[in-house]
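The values are calculated or read from the model by the stated rules, or taken from the named source; none is laboratory data. Not measured: the values here are computed from a predicted model. Please note: Cβ atoms are built from the backbone with ideal geometry, for glycine as well, and neighbour counts cover all protein chains shown.
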Amino acid sequence: MTLAANLGTKVELADKPKLRSRLSAVGRFARRNPLGAAGGVVIIVMVLVAVLADFIAPYNPVANAFDRMHEPPGLENWLGTDQYGRDVFSRIVYGARTALLVGFASSFVGAAFGLVLGVASAYFGGKIDLIFQRILDIFMAFPLIILALAVIAIFGTGAQNVIIAITIPFIPRCARVVRSSALAIRELPYIDAARANGFSHARIILRHMIPNVMAPFLIMITAFVGQAILLEASLSYLGLGVQEPTPAWGLMLQGGAEEYAESAPWIAIFPGIAISLAVFGFSLFGDAVRDEFDPKLRSR
Amino acid sequence: MTNMESTGAAGQSAEAAMQVSTLVPDTALEQRRQSERRFALAPDLVTVRNLKMHFPVTEGALFNKVAAHVRAVDGISFTIRKGETLGLVGESGCGKTTTGRCILRLDHPTGGEILFDGKNLVDLDDKSMRALRRKIQVIFQDPYSSLNPRMKIGEIISEPMKVHRTEPNKAARDARVMELLNMCGLDPRFADRYPHEMSGGQRQRVGIARALSVRPEFIICDEAISALDVSIQAQIINLLEDLRDQFGLTYLFIAHDLSVVRHLCHRVAVMYLGKIVELAECDELYGNPLHPYTQALLAAVPVPDPDMEKVRSYRIVKGEVPSPMNPPSGCVFHPRCPLAVENCAKTVPEFRELRPGHWVACSVI
């Protein structure tokens, strides 16, 4: 290559290796963690289905068709129809939207609050930390579902309240994990350097501590999304989550499971598979992300 | 040996480094004698009086009962004159670093006072302290963990300027980052790199640039060169020397390498178990150590000649350093001291000026 050509492609040269190294990093991740990669594929498919639901779903998910009730899976309705004649496949496709919306919104919001609270608790330490952790203990004493039920009981049902109900039990769990790594970071010399320079507490927490606890934070988020989807399905199944006729997997399970378990099992089986697959995908991916970030667990 | 005075940026051979840590050239000695005389008249910048830092050791999960105290620093006093470099030496755990942390107010002292420019740092409120922090900077031992791994070098150096508003705008800050990188012997293009892309010596230069960014008066070098390679050590020492001469900086140089301290410092204080046992001008201390602990410390410096090393007689002090949680009564050094008499276990020795400018805490000599 001539010098002139070299100069001309300078910018490209600087960018290309970065992209290539990103791609090869993905490749390495997949080779090291085939299960995690499978989880990642499930997540990607789910996101695509949710985004492209309008193009994928053959029917309107909320349109009743009383002439086609309890239709078994076939060419016209791939996964059959439910007790109102609605297409099960279309409802599962649109249900992915509900699941992902609730899953991502509640885990991101919950984890973000947990992140700030956990880091602040570790940073200030002493009495503040002690009081704070005991309050978190109270919240942690309740199982996820019980706490979510209590929140629903206060705020009422509906998609928005479901998100709040799932967010709240996540906050202490994330705060606890983030705090433990923030405690280690607090003792490092660069935090001392920041304190010796008179930086404000907010600056030290936001600029110096939070960016350095991102690894456990990302692990928590991926682990939470799957749990949040399961929790949303459970709440909907109990009739306390998303309300009819919104397509949601837990709701579909509830509608089909009891009455039609024998006569029309497809009504309940397929949304059940969707829930299991989604949760399975997220937890596989979450485990892989954890392995990736934790060098002690990483096998070469 | 001329490169001893040349810029610290120049890469130096391991040979030069060896010389730094073994002998001091005559020219440098002469220069220092002159500057020592000069500092005798300079005003005090930092005065530490009877500084105490006792860390509580708690037990019990619920009520945190204080079981004992670790007396990391137990009543030390010294002054540092403007433009002077005071060396603080001693083995690990003797309280050198804690002394530095107290001056930086990273630890809040249990007692005593620290005067900086006439203001007592111990009872200063946070707001006034924040304004003073610009003038007191620190260079840490570990060049790996003293830089935030998520920030670029440029951000690391410019952040103190931003917080203390020493430069009017971002352009001025960026220009100063370039200037500082140059000054510390680094390529200005490093500003866009992350710490993990640099070597230990380069990172330490970044740490120095950060300390200099807000134009401080006083820099605490907390084992600033201990974690570096011998050849890199020489470079960093020269850099610190050049910067001191260029900006009239005052250093508190905390170290355990006696030869480095001898090269860089005007006066030296020797610490043992939270107390200063001896304080004197550099040549006086190395040429005529009075305290038995200082004598033992100097005798332990290895001789860079295998034949001489083989035949020389060690004066090894017996035993181990006692726990600072339960220090010996009287003179803290008495259980290990070759000169100890009965009285040493009873009375705490006074810190006396035995010769002009030469202070010793020993009641026997």
Restricting region B:145-165 to residues that are facing chain A (nearest Cβ under 8 Å) and assigned to a helix (DSSP H, G or I), which is farthest from B:Y194 (Cα to Cα)?
B:H164
Per-region count, region A:250-279, residues exposed (fewer than 15 other Cβ atoms within 10 Å of the Cβ) and under 27 Å from the mean Cα position of the chain (by Cα)
3
If you go through region B:210-227 one residue at a time, how many are in a loop (DSSP other than H, G, I, E, B), buried (at least 22 other Cβ atoms within 10 Å of the Cβ) and away from chain A (no Cβ under 11 Å)?
2
Just the residues that are surrounded by 22 or more Cβ atoms within 10 Å (Cβ to Cβ) and at pLDDT below 85, please, taken from region A:223-249.
A:A223, A:G241, A:V242
Listed residues B:P356, B:P292, B:P304; which is surrounded by fewer than 19 Cβ atoms within 10 Å (Cβ to Cβ), in contact (Cβ under 8 Å) with a residue 24 or more places away in the chain and over 26 Å from B:I103 (Cα atoms)?
B:P304
Quick count over region B:39-69, residues being at pLDDT 90 or above and among the β-branched types (V, I, T), is 3
When the residues of region B:102-124 are filtered to those that are free of Cβ contacts under 8 Å to residues at least 12 places away in the same chain and in contact with an Asp or Glu (Cβ under 6 Å, 6 or more places away or on another chain), which remaining residue is nearest to the other protein chains (Cβ to nearest Cβ)?
B:L106
Of the criteria (1) over 18 Å from A:Q160 (Cβ atoms); (2) in contact (Cβ under 8 Å) with a residue 60 or more places away in the chain; (3) surrounded by fewer than 24 Cβ atoms within 10 Å (Cβ to Cβ), which one A:G114 fails:
(3)
Residue under evaluation A:V26, criteria (1) part of a helix (DSSP H, G or I); (2) modelled with pLDDT under 90; (3) of a type outside the set (G, A, S); (4) surrounded by 16 or more Cβ atoms within 10 Å (Cβ to Cβ), criterion not met
(4)
Where residues in region B:119-143 are surrounded by fewer than 23 Cβ atoms within 10 Å (Cβ to Cβ) and in contact with a Phe, Trp or Tyr (Cβ under 7 Å, 6 or more places away or on another chain), which of them is modelled with the lowest pLDDT?
B:L132
Looking only at helices (runs of 4 or more DSSP H) that fall completely inside region B:273-314, which ones have 3 or more residues that are farther than 14 Å from B:L258 by Cα?
B:306-311
Looking only at helices (runs of 4 or more DSSP H) that fall completely inside region A:132-197, which ones have 1 or more residues that are in contact (Cβ under 8 Å) with a residue 40 or more places away in the chain and under 30 Å from B:S146 (Cα atoms)?
A:159-186
Answer yes or no as to whether B:A172 is among the small types (G, A, S), free of Cβ contacts under 8 Å to residues at least 24 places away in the same chain and part of a helix (DSSP H, G or I).
yes
Hey, among the residues in region A:199-210 that are facing chain B (nearest Cβ under 8 Å) and surrounded by 21 or more Cβ atoms within 10 Å (Cβ to Cβ), which one's farthest from B:M129 (Cα to Cα)?
A:H208
